[in-house]
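K.L.:
The structure follows.
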Amino acid sequence: MAIAGYLSKRLVTSFLVVSSVFIAGQSIAAAADTVAVAPQAKIFDELRFGASGSVQSGYDHENGVFPDVQVLFNPFGYNPTADWKDQLTHPRIHLGTSIGTGGSATQVYGGLSWTLTHSNGIFTEVGFGGTVHTGNLDDWQDHGPMLGCRLLFHEYAGLGYNFDSHWNVMAQIAHASHANLCDGPNGGMTRAGLMVGYKF
């Protein structure tokens, strides 16, 4: 009887140890699976490319077409399927360039973008930040505005449509000027065009 009791205790102890090891192994595997399928934060969110043209008249009109490239980053967790309040409180960061042709100014700009995506695929967007440019500052030339400062404010507004979860198109108008915060002329640059976007 003593031997039987001793063996029973050993069997129970062994069963408990094996069960504990098995449960721990299952828990570790489940945790590993959870980590493996956890969504990764997409810092690089969207790439856009297109072209624009000057909508100014007279001496402030800029010659040529401006190829445009823009990238948007999403470090703050913008979610296009969230409600409008959540979308407004989670802007994206934009960085782009508008390349001058025909002797006009090239811009490199950056700032914050606020996008409101609606259930019918239409979206509206505004952006605000700054730009540095290669344009004329204060000497009259044959065409193009006198801009006063090398560093200007930059803002844009757009109306677009999402074809699917990746591709979209947006009509936009962008403006750059120094808002009379520095000495010199303030002709500004205003360009309108189309951008095609691919969301990753």
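The values are calculated or read from the model by the stated rules, or taken from the named source; none is laboratory data. Note that the structure is a prediction, hence the values are computed from the model and not measured. Heavy atoms of the whole protein, side chains included, go into the accessibility calculation; ligands, DNA and RNA do not. Shrake-Rupley method; radii C 1.70, N 1.55, O 1.52, S 1.80 Å.
K.L.:
In the range 44-199, how does Rg compare with the Kirkwood Rh, expressed as the Rg/Rh ratio over alpha carbon atoms?
P.N.:
1.01
K.L.:
Find how many whole Å separate the alpha carbon centroid of the range 161-188 from the alpha carbon centroid of the range 50-106.
P.N.:
5
K.L.:
Whole number in Å², please: accessible area per residue of the range 44-199, 1.4 Å probe, ligands, DNA and RNA not counted.
P.N.:
Using a 1.4 Å probe on heavy atoms only, each residue of the range 44-199 averages 48 Å².
K.L.:
Roughly how many percent of the accessible protein surface of the range 44-199 is carbon and sulfur, given a 1.4 Å probe and a whole-percent answer?
P.N.:
Carbon and sulfur atoms account for 65 percent of the accessible area of the range 44-199.
K.L.:
To continue, here is another question. Please list, in order along the range 182-191, the HN-Hα scalar couplings obtained from phi with the Karplus expression 6.51 cos²θ - 1.76 cosθ + 1.60 (θ = phi - 60°), rounded to whole Hz, x for Gly and Pro.
P.N.:
9, 5, x, x, 9, x, x, 10, 10, 10
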